[in-house]
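Down below is the structure, laid out as structure tokens.
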Amino acid sequence: MINALTIDVEDYFHVTAFERQIRPDEWDTYPLRVENNTMRILDMLDEFALRATFFVLGWVAERLPALVKEIHRRGHEIACHGYGHQLIYRLSPQEFREDVSKAKKILENICGEQVKGYRAPSYSITTKSLWALDVLVEEGFSYDSSIFPITHDIYGIPGGKRFPHEISTHAGKIQEFPISTFPLIVGGWQSQLPIAGGGYLRLIPAELVGRAIKSINSKEKQPVIVYFHPWELDPQQPRIKAGLKSRFRHYLNLERMELKVRHLLDNFHFSSAQEVLNQVQAR
């Protein structure tokens, strides 16, 4: 079973957890660390001979086009993370269209080929913003990976489908690759454990995440999608003064993240999201 490995290419000051402390018009005043951190990831993937999907923020691509070219040169898929890292359900459809269209054009001009995949900032395609899928179809995307079938204060569609599927919109069809979860039943109460990566991988033991992935692959015969951010492999990044919850979400176990990622790369087969979707469709 081949699983999807994805990296959301954004910097530490872009995250939703710090939106109250750092305005978008202040981003250029912070030192960029995303280039060096992403290069480390590229070297790590070369070490394991793996290909991945890099969902690149348009703001980053605009300032670091050589980084996008290097990701593409090493054989990885370039996909879109929007331009300004704004939660979709806070935007109007027209504002979202302008954001995603701008980012898509920047990425395509740099890498010289069509960008097919999209992932929303902070997984912000929810029941309040499903209209965004219509916009994505109209803007030429063939797949999305933004829906997280869990309950969360920022994102999530509880009860959503857990595995790749096709969604019909007014504008046409689009493939959805939901963020992976593992079903838990405790005392008759059922929930979904997020095992896809990011802060959840920093919180949950890597061995437990690995057992969940193995179960999904072997028992449910489905691929998982794993994600992380370049800043998650950077425990020396500048510390932002923020509330306790925001600091917990962002800084928890940064020093252990690379070892956890390496544990997964060493024990499972991975490729790009598009490659995995192609195999799912070919079944």
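Okay, here's what the table says:
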read-out: Extension reserve of the K241-I154 stretch, reckoned as 0.36 nm per residue once the Cα distance is removed; value: 29.3 nm
read-out: Length released on extending from Q190 to D43, taking residue separation times 0.36 nm less the Cα-Cα span; value: 48.9 nm
read-out: Unit charges on C-beta of K, R, D, E only; dipole of the chain, Debye; value: 760
read-out: Relative packing of 82-88, 112-118, which averages over residues the other C-beta atoms within 10 Å, highest first; value: 82-88, 112-118
read-out: Sorted by Cβ neighbour density within 10 Å, fewest at the top, the residues C111, C80; value: C111, C80
read-out: Placed amide H near L57: partners under 5 Å, 5+ positions off or other chain; value: V9, H81
read-out: Burial order of peptide ranges 89-97, 46-54, 166-174 (average beta-carbon count within 10 Å, highest first); value: 46-54, 89-97, 166-174
read-out: Relative contact order for segment 41-118, counting Cα pairs under 8 Å that sit 6 or more residues apart, in percent; value: 35
read-out: Sites matching GluC sites (Glu not before Pro) across segment 183-283 that sit in DSSP coil, with at most 14 neighbouring C-beta atoms within 10 Å; value: E220
read-out: Which of H165, H72 has the fewest Cβ neighbours within 10 Å, and the rest in rising order; value: H165, H72
read-out: Per principal axis, descending, Cα span of the chain in whole Å; value: 49, 45, 37
read-out: Rounded to 5, percent antiparallel among DSSP beta bridges of the chain; value: 35
read-out: Spin-label model distance (nm) - E70 vs K161, 7 Å beyond Cα toward Cβ; value: 3.8
read-out: Average Cα contact separation per residue, segment 2-281, under 8 Å, 6 or more apart, as relative contact order %; value: 24
read-out: Efficiency of FRET from Cβ geometry, E220 and R23, R₀ 41 Å, rounded to 0.05; value: 0.45
read-out: Dipole axis of the chain (+1 Lys, Arg; -1 Asp, Glu on Cβ), positive-most option in Y251, W231, N278; value: Y251
read-out: Net length gained if the chain between E113 and R283 were fully extended (0.36 nm per residue, minus Cα distance); value: 58.5 nm
read-out: Phi-based couplings in Hz for segment 156-166 (Karplus 6.51, -1.76, 1.60; Gly and Pro marked x); value: x, 10, x, x, x, 5, 8, 10, x, 7, 9
read-out: Förster radius 45 Å - calculated FRET efficiency between E95 and D266 (Cβ-Cβ, nearest 0.05); value: 0.60
read-out: Protection proxy ranking of 142-149, 57-64 - average other beta-carbon atoms within 10 Å, highest first; value: 142-149, 57-64
read-out: Centre separation in Å (Cα based) which lies between segment 64-135 and segment 167-203; value: 21
read-out: Spacing of the two label points (7 Å from each Cα toward its C-beta) at R63 and K105, in nm; value: 2.1
read-out: Calculated from backbone phi, Karplus (6.51, -1.76, 1.60) coupling profile of segment 80-91 in Hz, x at Gly/Pro; value: 10, 10, x, 9, x, 6, 9, 5, 4, 6, 9, 9
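A short reminder: the numbers here are calculations on the coordinates, not readings from a lab. Everything numeric in this text was worked out from a predicted model, so none of it was measured. As a convention, Cβ positions derive from the backbone with ideal geometry for all residues, glycine included, and neighbour counts pool all protein chains shown.
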